[in-house]
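Working notes for the structure below.
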Amino acid sequence: SLGEASSWKTWKFGNRDWQAEGWRLYDIVPEHHFLTGRIGDAVAQARLYVAEVDDTGEETGETEDERISRLAAVPLGTGSARDENMRLAGVDLAVAGECWIVGEGAARMDLEQATSDGAWFVVTGEAFKRSGGGPLKVKRPKNRGGDWLELVDGQDILIRCWRAHPNDTDQADSFTRSAIVPLREIELLTKREFAELDSRLTGAGIMFLPE
């Protein structure tokens, strides 16, 4: 819910300091970039389905009710758009420990046809802004029209997907968070290697001596 009583009214959107550093290291450390990319690719191959649960809340398998099973076709779009959204979600969870799933106009859902009027996209916390007590806005990706979307209760859907930190379950956690120090070490060692190479190249020259 995005209404007045929603917890999002007081939520501080935006990347935390460690998340911003995680994204910086993602861009410059190839080993980390490769690993998180593989995670995203694996998530993109997953199949969504609606599961049946027993009286204890345990999953018993995929539902056989065709009308209900169609609901799995609604979130995150369809076809290649869904694959890309799931890939982005996997990468976001690996780096920042959370992702935000936006369904523009998706609250107007046709349950019979299991379709939605809106467009789904996945963003990080950096894509949101709110001025004072004003409405919450999210930056659309260019392939969804770009510009800022003002989220409307009862019309748009906002889902936060995150891996909870054990010490504060409201906050996100990821393997990147604990790897920041060794990732920085890789960065600094790489910089030192380049500095030494540049120093040797610029220092190498020819000395002319008389006969």
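Tabulated data for the structure shown
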{"read-out": "Which listed residue, of 13, 34, is at pLDDT 90 or above and under 17 Å from the mean Cα position of the chain (by Cα)", "value": "34"}
{"read-out": "Enumeration of residues in the stretch 116-138 that are free of Cβ contacts under 8 Å to residues at least 60 places away in the same chain and either within 22 Å of residue 80 (Cβ to Cβ) or not small (Gly, Ala, Ser) (or both)", "value": "116, 117, 118, 119, 120, 121, 122, 123, 127, 135, 137, 138"}
{"read-out": "All positions within the stretch 29-61 that are closer than 25 Å to residue 73 by Cβ, among the acidic types (Asp, Glu) and exposed (fewer than 13 other Cβ atoms within 10 Å of the Cβ)", "value": "54, 58, 59"}
{"read-out": "Scan of the stretch 140-163 for residues that are crowded, with 16+ Cβ neighbours inside 10 Å and part of a strand (DSSP E or B), ordered by number", "value": "149, 157, 158, 162"}
{"read-out": "Exclusive hit being among the acidic types (Asp, Glu), modelled with pLDDT of 85 or more and open to solvent by 10 Å² or more (accessible area, probe 1.4 Å), set 117, 65", "value": "65"}
{"read-out": "Residue selected from the stretch 79-102 under the condition free of Cβ contacts under 8 Å to residues at least 40 places away in the same chain and over 20 Å from residue 158 (Cβ atoms), by the criterion farthest from the chain's Cα centre (by Cα)", "value": "79"}
{"read-out": "So residue 111, is it at pLDDT below 85, in contact with a helix residue (DSSP H, G or I) (Cβ under 9 Å, 6 or more places away or on another chain) and not acidic (Asp, Glu)", "value": "yes"}
{"read-out": "Cβ-Cβ under 7 Å pairs, at least 6 apart or on other chains, the stretch 139-167 side on the phi > 0 side of the Ramachandran plot, far side of a type outside the set (D, E, K, R) and open to solvent by less than 50 Å² (accessible area, probe 1.4 Å)", "value": "154/107"}
{"read-out": "Selection from the stretch 77-94 of residues that are surrounded by 21 or more Cβ atoms within 10 Å (Cβ to Cβ) and not in a helix (DSSP H, G or I)", "value": "77"}
{"read-out": "When residues of the stretch 167-205 are limited to those that are in a loop (DSSP other than H, G, I, E, B) and at pLDDT 95 or above, the one least open to solvent (accessible area, probe 1.4 Å)", "value": "174"}
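The values are calculated or read from the model by the stated rules, or taken from the named source; none is laboratory data. In this text the structure is predicted, and so the values were computed from the model without any measurement. Virtual Cβ from ideal backbone geometry, glycine too; neighbours counted across all protein chains shown. These area figures cover heavy atoms from the full protein model, side chains too; ligands, DNA and RNA do not enter into them. Shrake-Rupley method; radii C 1.70, N 1.55, O 1.52, S 1.80 Å.
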